[in-house]
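A short write-up of the structure that comes next.
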Amino acid sequence: MLITVITIFPEMFPGALAYSLPGKALGKLWDLRVINIRDFAQDRHKTVDDTPYGGGAGMVMKPDVIDKALRYALSLYTDKPEIVYMTPRGQLFKHKIARQIATNTSGMILLCGRYEGVDQRVIDHWKDTQNMREISIGDYVVFGGEIPAMIVIEACLRFCPGIMSNENSVIDESFTNGLLEYPQYTRPSVWNNVAVPDVLLSGNHRDIDSWRFEAAQRITKTIRPDLWKQITDNEL
Ligand code: SAH
């Protein structure tokens, strides 16, 4: 799958994505194209932003420039990719959305805002004509869409076949069954006077599975009662 990032800071990529499993798979199981918004600026100063109509702090990214960058990104695909604008006003990014986006095997285009964000008209136009999604990584504001885009890319790559060394880790991990993951332990079996739960050393896989399932339930109930409520509501 081809992932295209549209940004004014192309040098931030691949950045963290060049490491570990995503890094090993880069160029093999997935490809990354990074588009510099400035290349689509119309004037010799390469202007990508301007002051907001109505006044106020900060700058707004110009609709004509962003539209050109998006159109160029789309031209790199034969089948329609997911198109995503990273914004604090977007849908909250969750496990389910990552899985949904990752099923689009042609890939995705991620638009990263900076300053005060992007002119509303180009957002509306791409939502109306190309089903662009707006995604937020959480209820807080960061300086730009690049780190949010990396988060979306990493979460989606975990669903991309072959990237995880052990496919079972995707099935097992937090959120897959709506639960947070059970606690994990490794050697030494006693550390700081605390022993690893006996059952995990027993070699009895049925007992281990049920211990883990119960632990996952207990942890979810305690730490995230909201998630627990969703599960129990869905089962009714
Ligand atoms: N003025 C905007 C914030 C702009 S922050 C507002 O109040 O909503 C600049 C850019 O950072 C945004 O365009 C977006 O691309 C990115 N960004 C900031 N916080 C984000 C978040 N929580 N999720 C996704 N993208 C975010």
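What number does the chain give for Rg over Rh if you use C-alpha atoms and the Kirkwood radius?
Values: Rg = 21.6 Å, Rh = 20.3 Å.
A ratio of 1.06.
Relative to the longest principal axis of the Cα atoms of the chain, helix 120-130 runs at roughly 70 degrees.
For the range 34-108, with only Lys/Arg (+1) and Asp/Glu (-1) charged at the beta-carbon, what is the dipole magnitude about the Cα centre, in debye rounded to 20? Before the final figure, lay out the partial values.
Working: 11 positive and 8 negative charges, 58 e Å.
That gives the range 34-108 a dipole magnitude of about 280 debye.
For the chain, what does the helix formula give at 222 nm: sum of -39500 (n - 2.57) over DSSP H segments with n ≥ 4, over the residue count, nearest 500 deg cm²/dmol?
Estimated from H runs of four or more residues: -10500 deg cm²/dmol.
How far is helix 225-235 tilted, in degrees, relative to the longest principal axis of the Cα atoms in the chain, given as a value from 0 to 90 rounded to the nearest 10? The angle comes out at about 80 degrees.
Please identify the trypsin sites (Lys or Arg not before Pro) of the range 20-73 that satisfy two criteria: DSSP loop assignment and at most 16 other Cβ atoms within 10 Å. Which are they? Present the calculation step by step, with values, prior to reporting the outcome.
Values: sites: 24, 28, 33, 38, 44, 46, 68, 71; in loops: 28, 44, 46.
Passing both the DSSP loop test and the Cβ count: 28, 44, 46.
If the label point is 7 Å along Cα→Cβ of residue 116, which residues in the range 12-55 have backbone nitrogen under 17 Å from it? Answer for the range 12-55: 48-55.
On a straight-distance basis, which aspartates and glutamates could pair with residue 229 in a cross-link, Cα separation under 18 angstrom, same-chain partners fewer than 8 positions away excluded? Within the straight-line cut-off, residue 229 pairs with 181, 214.
When +1 charges are put on Lys and Arg Cβ atoms and -1 charges on Asp and Glu Cβ atoms, the dipole computed for the chain relative to its Cα centre reaches about 220 debye.
Shape of the range 161-236 from the C-alpha gyration tensor: oblate (a/c of 1.5 or more and a/b not above b/c, with a ≥ b ≥ c the square roots of its eigenvalues).
Output the antiparallel fraction of DSSP beta bridges having both residues in the chain, as a percent to the nearest 5. Mind dumping the intermediate values first?
Values: 4 of 27 bridges.
Approximately 15 percent, going by the DSSP bridge assignments.
Measuring nothing but protein heavy atoms, the accessible surface of the chain at 1.4 Å probe radius is 52 percent carbon and sulfur. For the range 48-146, the square roots of the Cα gyration tensor eigenvalues, ordered a ≥ b ≥ c, give a/c of at least 1.5 with a/b no greater than b/c, which places it in the oblate category.
Close amide H pairs (under 5 Å, H built 1.01 Å from N) link residue 133 with 83, 84, 85, residues at least 5 positions away or on another chain.
For an R0 of 41 angstrom, estimate the FRET efficiency from the Cβ-Cβ distance between residue 33 and residue 193 and round to the nearest 0.05. Don't jump to the answer; show the numbers that get you there.
Values: r = 53 Å, r/R0 = 1.28.
FRET efficiency, residue 33 to residue 193: 0.20.
Straight-line cross-link partners of residue 62 among the aspartates and glutamates, defined as a Cα under 20 Å from its Cα and at least 8 positions apart when in the same chain: 39, 43, 49, 50, 116, 119, 124, 128, 134, 146. Nearest 0.05, what FRET efficiency do residue 166 and residue 213 give at R0 = 25 Å with Cβ-Cβ as r? Efficiency, rounded to the nearest 0.05: 0.85.
For the range 26-72 and the range 205-236, what is the centre-to-centre distance using only Cα atoms, to the nearest Å? Using only Cα atoms to place each centre, the spacing works out to 44 Å.
With r defined as the distance between the Cβ atoms of residue 185 and residue 142 and R0 fixed at 45 Å, what FRET efficiency is calculated, to the nearest 0.05? Intermediate results must be reported in sequence, preceding the final value.
Numbers: r = 34 Å, r/R0 = 0.75.
That gives a FRET efficiency of 0.85.
The long axis of helix 146-157 is offset from the longest Cα principal axis of the chain by roughly 50 degrees. Length gained on full extension, residue 204 to residue 221: 3.5 nm, using 0.36 nm per residue less the C-alpha separation. For GluC sites (Glu not before Pro), the sites in the range 148-198 that DSSP calls loop and that have at most 12 other Cβ atoms within 10 Å are 167. Length available on full extension from residue 125 to residue 231: 0.36 nm per residue minus the Cα-Cα distance, which gives 34.5 nm.
The values are calculated or read from the model by the stated rules, or taken from the named source; none is laboratory data. Since this is a predicted model, take the numbers as computed values, not measurements. So basically every Cβ, Gly included, is an ideal-geometry build from the backbone, and we count neighbours across all protein chains shown. The protein model used for the area step is the full one, side chains on, heavy atoms only, and it has no ligands, DNA or RNA in it. Shrake-Rupley method; radii C 1.70, N 1.55, O 1.52, S 1.80 Å.
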